[in-house]
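The next block holds one structure in the form of C-alpha coordinates; read it before the comments.
The values are calculated or read from the model by the stated rules, or taken from the named source; none is laboratory data. What you see is a predicted model, and the numbers here were worked out from it, not measured in a lab. Quick reminder, even Gly has a Cβ in these numbers, built from the backbone with ideal geometry, and neighbours come from all protein chains shown. Each accessible area value is taken on the protein alone, full model and side chains, heavy atoms only, with ligands, DNA and RNA left out. Shrake-Rupley method; radii C 1.70, N 1.55, O 1.52, S 1.80 Å.
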Amino acid sequence: MSFFENKVVCITGSSKGIGKATAILLGQQGAKICLNGRDETALQKTLKELKAIGIACISIAADVSKEEDCTTLIKANVDHFGKLDILINNAGISSRGLVEDISTEAWRHIIDVNLLGSIFPTIHALPHIINSKGSIVFISSLGGKVGMPGQSNYSVTKMGLTAFAQSLHTEHKADNIHIGIIYLGFVENEKDKKVLSAIGNYVPIKQLNNKKPTSREDAALSIAKAIIKRKKKVTLTVLGKLQAILLRLSPAAVNWYLRKELEKFKEHYN
Ligand SMILES: NC(=O)c1ccc[n+]([C@@H]2O[C@H](COP(=O)([O-])OP(=O)(O)OC[C@H]3O[C@@H](n4cnc5c(N)ncnc54)[C@H](OP(=O)(O)O)[C@@H]3O)[C@@H](O)[C@H]2O)c1
(Lines give C-alpha, C1' and ligand atoms only; values in the text may rest on other atoms or scores of the structure.)
Protein backbone atom coordinates (compact mmCIF):
# COMPACT_ATOMS: atom_id res chain seq x y z
CA MET A 1 0.00 0.00 0.00
CA SER A 2 1.24 3.48 -0.83
CA PHE A 3 2.47 5.72 2.01
CA PHE A 4 -0.09 8.31 0.87
CA GLU A 5 -3.13 5.98 0.84
CA ASN A 6 -5.97 7.77 2.71
CA LYS A 7 -3.68 10.56 3.91
CA VAL A 8 -5.37 13.97 3.82
CA VAL A 9 -3.14 16.54 2.16
CA CYS A 10 -3.70 20.29 1.92
CA ILE A 11 -1.50 21.97 -0.71
CA THR A 12 -1.59 25.75 -0.83
CA GLY A 13 -1.25 27.23 -4.33
CA SER A 14 -2.21 24.01 -6.11
CA SER A 15 -4.47 25.28 -8.90
CA LYS A 16 -1.41 25.27 -11.17
CA GLY A 17 2.36 24.80 -11.34
CA ILE A 18 4.33 22.67 -8.89
CA GLY A 19 1.44 22.54 -6.41
CA LYS A 20 -0.90 21.06 -9.02
CA ALA A 21 1.72 18.48 -10.13
CA THR A 22 2.16 17.48 -6.47
CA ALA A 23 -1.62 17.22 -5.97
CA ILE A 24 -1.87 14.89 -8.96
CA LEU A 25 1.05 12.72 -7.86
CA LEU A 26 -0.09 12.33 -4.25
CA GLY A 27 -3.73 11.91 -5.33
CA GLN A 28 -2.73 9.11 -7.69
CA GLN A 29 -1.00 7.48 -4.71
CA GLY A 30 -4.30 7.43 -2.80
CA ALA A 31 -4.17 10.74 -0.91
CA LYS A 32 -7.27 12.88 -0.40
CA ILE A 33 -6.43 16.34 -1.63
CA CYS A 34 -7.47 19.85 -0.65
CA LEU A 35 -6.61 22.18 -3.55
CA ASN A 36 -6.12 25.91 -3.01
CA GLY A 37 -5.52 29.12 -4.95
CA ARG A 38 -7.16 32.54 -5.24
CA ASP A 39 -8.64 32.30 -8.72
CA GLU A 40 -11.87 30.28 -8.46
CA THR A 41 -12.00 29.57 -12.22
CA ALA A 42 -8.49 28.06 -12.34
CA LEU A 43 -9.25 26.12 -9.18
CA GLN A 44 -12.48 24.62 -10.59
CA LYS A 45 -10.66 23.59 -13.77
CA THR A 46 -7.98 21.76 -11.76
CA LEU A 47 -10.58 20.22 -9.43
CA LYS A 48 -12.39 18.81 -12.48
CA GLU A 49 -9.13 17.42 -13.91
CA LEU A 50 -8.23 15.64 -10.67
CA LYS A 51 -11.73 14.24 -10.17
CA ALA A 52 -11.70 12.95 -13.77
CA ILE A 53 -8.71 10.74 -12.93
CA GLY A 54 -10.37 9.42 -9.78
CA ILE A 55 -8.70 11.58 -7.13
CA ALA A 56 -10.75 12.37 -4.01
CA CYS A 57 -10.44 16.13 -3.71
CA ILE A 58 -12.03 19.40 -2.75
CA SER A 59 -10.99 22.95 -3.57
CA ILE A 60 -11.01 25.98 -1.33
CA ALA A 61 -10.49 29.44 -2.80
CA ALA A 62 -8.45 31.31 -0.20
CA ASP A 63 -5.75 33.96 -0.19
CA VAL A 64 -3.01 32.65 2.10
CA SER A 65 -1.82 36.19 2.81
CA LYS A 66 -5.07 36.76 4.74
CA GLU A 67 -5.26 35.05 8.10
CA GLU A 68 -9.06 34.71 8.03
CA ASP A 69 -8.80 32.86 4.68
CA CYS A 70 -6.26 30.46 6.19
CA THR A 71 -8.62 29.72 9.09
CA THR A 72 -11.32 28.89 6.53
CA LEU A 73 -8.94 26.81 4.40
CA ILE A 74 -7.82 24.52 7.22
CA LYS A 75 -11.28 24.31 8.83
CA ALA A 76 -13.00 23.43 5.53
CA ASN A 77 -10.37 20.76 4.89
CA VAL A 78 -10.82 19.15 8.33
CA ASP A 79 -14.65 19.51 8.25
CA HIS A 80 -14.74 17.69 4.93
CA PHE A 81 -12.14 14.93 5.41
CA GLY A 82 -12.21 14.66 9.23
CA LYS A 83 -8.45 15.12 9.67
CA LEU A 84 -5.29 16.62 8.20
CA ASP A 85 -2.10 14.59 7.76
CA ILE A 86 0.06 16.77 5.56
CA LEU A 87 0.23 20.51 4.89
CA ILE A 88 2.38 21.61 1.96
CA ASN A 89 3.03 25.36 2.10
CA ASN A 90 3.63 25.83 -1.61
CA ALA A 91 1.77 29.05 -2.55
CA GLY A 92 4.32 31.66 -3.45
CA ILE A 93 5.20 34.36 -5.93
CA SER A 94 8.50 35.25 -7.53
CA SER A 95 9.70 38.81 -7.98
CA ARG A 96 12.01 41.06 -9.96
CA GLY A 97 13.64 44.38 -9.04
CA LEU A 98 16.80 46.00 -7.74
CA VAL A 99 16.80 46.97 -4.06
CA GLU A 100 16.51 50.71 -4.72
CA ASP A 101 13.57 50.19 -7.13
CA ILE A 102 11.37 47.90 -5.01
CA SER A 103 8.35 49.77 -3.67
CA THR A 104 7.03 49.48 -0.13
CA GLU A 105 3.86 47.87 -1.57
CA ALA A 106 5.93 45.20 -3.34
CA TRP A 107 7.85 44.44 -0.12
CA ARG A 108 4.66 44.15 1.93
CA HIS A 109 2.89 42.05 -0.70
CA ILE A 110 5.63 39.45 -1.11
CA ILE A 111 6.14 39.15 2.66
CA ASP A 112 2.36 38.71 3.08
CA VAL A 113 2.14 35.97 0.44
CA ASN A 114 5.44 34.08 0.74
CA LEU A 115 6.15 34.36 4.45
CA LEU A 116 2.90 35.02 6.34
CA GLY A 117 1.16 32.92 3.66
CA SER A 118 3.09 29.89 4.96
CA ILE A 119 3.02 30.91 8.63
CA PHE A 120 -0.78 31.41 8.92
CA PRO A 121 -1.78 28.02 7.39
CA THR A 122 0.85 26.32 9.59
CA ILE A 123 -0.47 27.87 12.80
CA HIS A 124 -4.04 26.81 12.00
CA ALA A 125 -3.01 23.33 10.84
CA LEU A 126 -0.65 22.59 13.74
CA PRO A 127 -3.15 21.00 16.21
CA HIS A 128 -4.41 18.69 13.45
CA ILE A 129 -0.90 17.75 12.34
CA ILE A 130 0.05 17.01 15.97
CA ASN A 131 -3.02 14.76 16.18
CA SER A 132 -2.07 12.82 13.08
CA LYS A 133 1.72 12.90 13.75
CA GLY A 134 1.90 14.21 10.22
CA SER A 135 4.02 16.58 8.13
CA ILE A 136 4.33 20.29 7.48
CA VAL A 137 6.44 21.08 4.44
CA PHE A 138 7.69 24.45 3.19
CA ILE A 139 8.54 24.99 -0.47
CA SER A 140 11.60 27.19 -0.67
CA SER A 141 14.16 27.93 -3.35
CA LEU A 142 17.90 28.15 -3.95
CA GLY A 143 17.18 31.88 -3.54
CA GLY A 144 16.36 31.00 0.08
CA LYS A 145 20.01 30.16 0.72
CA VAL A 146 21.70 33.21 -0.81
CA GLY A 147 20.46 36.76 -1.36
CA MET A 148 19.69 36.73 -5.08
CA PRO A 149 20.46 39.98 -6.95
CA GLY A 150 17.33 41.40 -8.57
CA GLN A 151 15.16 39.29 -6.24
CA SER A 152 16.10 40.52 -2.79
CA ASN A 153 12.52 40.57 -1.53
CA TYR A 154 11.94 37.00 -2.75
CA SER A 155 15.15 35.79 -1.06
CA VAL A 156 14.20 37.53 2.19
CA THR A 157 10.88 35.67 2.31
CA LYS A 158 12.37 32.28 1.43
CA MET A 159 15.17 32.70 4.00
CA GLY A 160 12.51 33.62 6.54
CA LEU A 161 10.89 30.25 5.94
CA THR A 162 14.14 28.54 6.97
CA ALA A 163 14.07 30.33 10.33
CA PHE A 164 10.39 29.58 10.86
CA ALA A 165 10.78 25.89 9.97
CA GLN A 166 13.76 25.57 12.32
CA SER A 167 11.95 27.19 15.28
CA LEU A 168 8.90 25.06 14.63
CA HIS A 169 11.00 21.90 14.44
CA THR A 170 12.66 22.62 17.78
CA GLU A 171 9.46 23.70 19.57
CA HIS A 172 7.59 20.57 18.42
CA LYS A 173 10.31 17.91 18.57
CA ALA A 174 8.45 16.11 21.37
CA ASP A 175 5.24 15.94 19.29
CA ASN A 176 6.94 13.66 16.78
CA ILE A 177 5.72 15.61 13.77
CA HIS A 178 7.69 16.09 10.57
CA ILE A 179 8.78 19.61 9.62
CA GLY A 180 10.54 19.76 6.27
CA ILE A 181 11.86 22.46 3.96
CA ILE A 182 12.63 21.88 0.29
CA TYR A 183 14.96 24.17 -1.65
CA LEU A 184 13.89 23.82 -5.28
CA GLY A 185 16.11 24.83 -8.19
CA PHE A 186 14.73 26.11 -11.52
CA VAL A 187 11.45 24.36 -12.28
CA GLU A 188 9.56 24.52 -15.56
CA ASN A 189 7.07 27.41 -15.40
CA GLU A 190 3.44 27.51 -16.50
CA LYS A 191 3.13 29.46 -19.77
CA ASP A 192 1.06 32.19 -18.12
CA LYS A 193 3.20 32.51 -14.97
CA LYS A 194 3.43 36.03 -13.58
CA VAL A 195 5.91 37.58 -11.14
CA LEU A 196 5.76 40.61 -8.88
CA SER A 197 7.43 43.69 -10.41
CA ALA A 198 9.39 46.28 -8.43
CA ILE A 199 6.33 48.54 -8.30
CA GLY A 200 4.18 45.71 -6.98
CA ASN A 201 2.03 44.63 -9.93
CA TYR A 202 1.99 41.17 -11.55
CA VAL A 203 3.83 40.98 -14.90
CA PRO A 204 4.60 38.04 -17.23
CA ILE A 205 7.83 36.26 -16.28
CA LYS A 206 10.98 36.80 -18.39
CA GLN A 207 13.37 33.90 -18.01
CA LEU A 208 16.71 35.06 -16.65
CA ASN A 209 18.71 32.00 -17.54
CA ASN A 210 18.85 29.27 -20.12
CA LYS A 211 19.52 26.43 -17.68
CA LYS A 212 17.37 23.37 -18.32
CA PRO A 213 14.60 23.41 -15.72
CA THR A 214 13.44 20.44 -13.66
CA SER A 215 10.00 19.26 -14.77
CA ARG A 216 7.10 20.01 -12.42
CA GLU A 217 6.50 16.24 -12.16
CA ASP A 218 10.10 15.62 -10.99
CA ALA A 219 9.81 18.45 -8.46
CA ALA A 220 6.58 16.82 -7.20
CA LEU A 221 8.35 13.47 -6.91
CA SER A 222 11.11 15.03 -4.80
CA ILE A 223 8.49 16.63 -2.53
CA ALA A 224 6.76 13.25 -2.13
CA LYS A 225 10.06 11.50 -1.28
CA ALA A 226 10.93 14.18 1.29
CA ILE A 227 7.58 13.57 3.01
CA ILE A 228 7.91 9.77 2.99
CA LYS A 229 11.46 9.94 4.40
CA ARG A 230 10.48 12.76 6.83
CA LYS A 231 13.47 14.80 5.64
CA LYS A 232 14.19 18.01 7.55
CA LYS A 233 15.95 19.68 4.64
CA VAL A 234 16.26 18.78 0.95
CA THR A 235 18.24 20.72 -1.66
CA LEU A 236 17.46 19.89 -5.28
CA THR A 237 19.39 20.07 -8.54
CA VAL A 238 23.10 19.79 -9.26
CA LEU A 239 23.38 23.60 -9.06
CA GLY A 240 21.72 23.56 -5.63
CA LYS A 241 24.05 20.86 -4.31
CA LEU A 242 27.09 22.67 -5.76
CA GLN A 243 25.89 25.93 -4.20
CA ALA A 244 25.58 24.21 -0.79
CA ILE A 245 29.15 22.86 -1.02
CA LEU A 246 30.59 26.20 -2.21
CA LEU A 247 28.77 28.11 0.53
CA ARG A 248 30.78 26.04 3.00
CA LEU A 249 34.09 25.77 1.15
CA SER A 250 34.36 28.88 -1.01
CA PRO A 251 31.91 31.74 -0.34
CA ALA A 252 34.01 33.86 -2.75
CA ALA A 253 33.00 31.55 -5.63
CA VAL A 254 29.34 32.02 -4.68
CA ASN A 255 29.82 35.80 -4.67
CA TRP A 256 31.40 35.58 -8.13
CA TYR A 257 28.39 33.59 -9.38
CA LEU A 258 25.96 36.11 -7.86
CA ARG A 259 27.77 39.03 -9.54
CA LYS A 260 27.36 37.20 -12.89
CA GLU A 261 23.65 36.78 -12.13
CA LEU A 262 23.41 40.53 -11.41
CA GLU A 263 24.98 41.31 -14.82
CA LYS A 264 22.42 39.00 -16.48
CA PHE A 265 19.61 40.65 -14.53
CA LYS A 266 20.68 44.15 -15.61
CA GLU A 267 20.97 43.00 -19.27
CA HIS A 268 17.40 41.67 -19.23
CA TYR A 269 15.70 44.32 -17.16
CA ASN A 270 17.41 47.63 -17.98
N1 LIG B 1 9.09 27.58 -10.59
C2 LIG B 1 10.32 27.63 -10.06
O3 LIG B 1 11.34 27.64 -10.79
C4 LIG B 1 10.50 27.64 -8.56
C5 LIG B 1 11.82 27.55 -8.06
C6 LIG B 1 12.00 27.57 -6.68
C7 LIG B 1 10.91 27.65 -5.83
N8 LIG B 1 9.66 27.76 -6.34
C9 LIG B 1 8.53 27.86 -5.40
O10 LIG B 1 7.56 26.88 -5.67
C11 LIG B 1 6.26 27.36 -5.35
C12 LIG B 1 5.33 27.19 -6.54
O13 LIG B 1 5.87 27.88 -7.65
P14 LIG B 1 5.25 27.71 -9.13
O15 LIG B 1 6.34 27.98 -10.08
O16 LIG B 1 4.47 26.45 -9.23
O17 LIG B 1 4.25 28.97 -9.14
P18 LIG B 1 2.95 29.25 -10.06
O19 LIG B 1 2.95 28.40 -11.28
O20 LIG B 1 2.90 30.73 -10.22
O21 LIG B 1 1.74 28.78 -9.15
C22 LIG B 1 1.52 29.42 -7.92
C23 LIG B 1 0.28 28.86 -7.26
O24 LIG B 1 0.09 29.58 -6.04
C25 LIG B 1 -1.21 30.21 -6.05
N26 LIG B 1 -1.11 31.47 -5.30
C27 LIG B 1 -0.37 32.57 -5.56
N28 LIG B 1 -0.58 33.50 -4.62
C29 LIG B 1 -1.47 32.97 -3.75
C30 LIG B 1 -2.10 33.46 -2.57
N31 LIG B 1 -1.87 34.69 -2.09
N32 LIG B 1 -2.98 32.64 -1.92
C33 LIG B 1 -3.25 31.40 -2.39
N34 LIG B 1 -2.68 30.89 -3.50
C35 LIG B 1 -1.81 31.67 -4.17
C36 LIG B 1 -1.53 30.39 -7.55
O37 LIG B 1 -2.93 30.49 -7.79
P38 LIG B 1 -3.69 31.94 -7.83
O39 LIG B 1 -2.80 32.86 -8.62
O40 LIG B 1 -5.02 31.65 -8.45
O41 LIG B 1 -3.82 32.36 -6.41
C42 LIG B 1 -0.99 29.06 -8.09
O43 LIG B 1 -1.89 28.02 -7.84
C44 LIG B 1 6.45 28.82 -4.91
O45 LIG B 1 6.51 28.91 -3.51
C46 LIG B 1 7.79 29.18 -5.53
O47 LIG B 1 8.45 30.22 -4.83
C48 LIG B 1 9.42 27.75 -7.68
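Apolar share of the accessible surface for the chain: 56 percent from carbon plus sulfur atoms, 1.4 Å probe. Residues whose amide H comes within less than 5 Å of that of Val187, counting only those at least five positions distant or on another chain, are Thr214 (H built at 1.01 Å from N in the peptide plane). Straight-line cross-link partners of Lys32 among the lysines, defined as a Cα under 18 Å from its Cα and at least 8 positions apart when in the same chain: Lys7, Lys16, Lys20, Lys45, Lys48, Lys51, Lys75, Lys83, Lys133, Lys225. Beta-bridge orientation, the chain: approximately 10 percent antiparallel, per DSSP, counting only bridges with both partners inside. Average accessible surface for the chain: 48 Å² per residue, computed with a 1.4 Å probe over protein heavy atoms with every protein chain in place.
Going by amide H atoms built from the backbone, whose H comes under 5 Å of the H on Ser135, apart from near neighbours? Residues meeting the criterion, in which the H sits 1.01 Å from N, are Ile86, Leu87, His178. The trypsin sites (Lys or Arg not before Pro) found in the range 149-192 that occupy coil by DSSP, while having at most 10 further C-beta atoms within 10 Å, are Lys191. Would you kindly find the accessible area of Met148, with a 1.4 Å probe and non-protein molecules such as ligands, DNA and RNA excluded, rounding to the nearest 10 Å²? Answer for Met148: close to 30 Å² accessible. If you sort the three axes of the alpha carbon gyration tensor as a ≥ b ≥ c, you get a/c of 1.5 or more for the range 175-270 and a/b no higher than b/c, which makes it oblate. The relative contact order of the chain comes to 18 percent, based on Cα pairs under 8 Å that sit 6 or more residues apart.
Our note on the geometry: Cα centres of the range 1-23 and the range 132-159, 19 Å apart. Taking all Cα pairs closer than 8 Å and separated by 6 or more residues, the relative contact order of the range 128-270 comes to 27 percent. In order along the range 212-217, phi translates into HN-Hα couplings of 5, x, 6, 6, 5, 5 Hz, rounded to whole numbers, per the Karplus curve 6.51 cos²θ - 1.76 cosθ + 1.60 with θ = phi - 60° and x for Gly and Pro. Evaluating 6.51 cos²θ - 1.76 cosθ + 1.60 at θ = phi - 60° for every residue in the range 179-191, the Karplus couplings come out as 10, x, 10, 10, 9, 7, x, 6, 10, 3, 8, 5, 4 Hz, glycine and proline recorded as x.
In plain terms, the chain from Glu49 to Glu68 could stretch by 4.0 nm, reckoned as 0.36 nm per residue minus the Cα-Cα distance. For Ser141, the residues whose modelled amide H falls within less than 5 Å of its own, excluding neighbours fewer than 5 places apart on the same chain, are Leu184.
For the range 143-151, the Karplus equation 6.51 cos²θ - 1.76 cosθ + 1.60, evaluated at θ = phi - 60°, returns couplings of x, x, 10, 9, x, 6, x, x, 9 Hz by residue, with Gly and Pro reported as x. Residues considered: Leu249, Leu87, Leu161. Largest GNM mean-square fluctuation over the chain, using C-alpha springs under 10 Å, is found at Leu249.
Rg of the Cα atoms in the chain, relative to 2.2 N^0.38 Å, amounts to 0.98. If R0 equals 22 Å, the separation of the Cβ atoms of Tyr257 and Ile199 corresponds to a calculated FRET efficiency of about 0.20. Label positions at Asn176 and Lys133, each projected 7 Å from the Cα along the C-beta direction, are separated by 0.3 nm. Given their separation in residues at 0.36 nm each and the Cα-Cα distance between them, Ser167 and Val99 gain 21.7 nm when the chain is fully extended.
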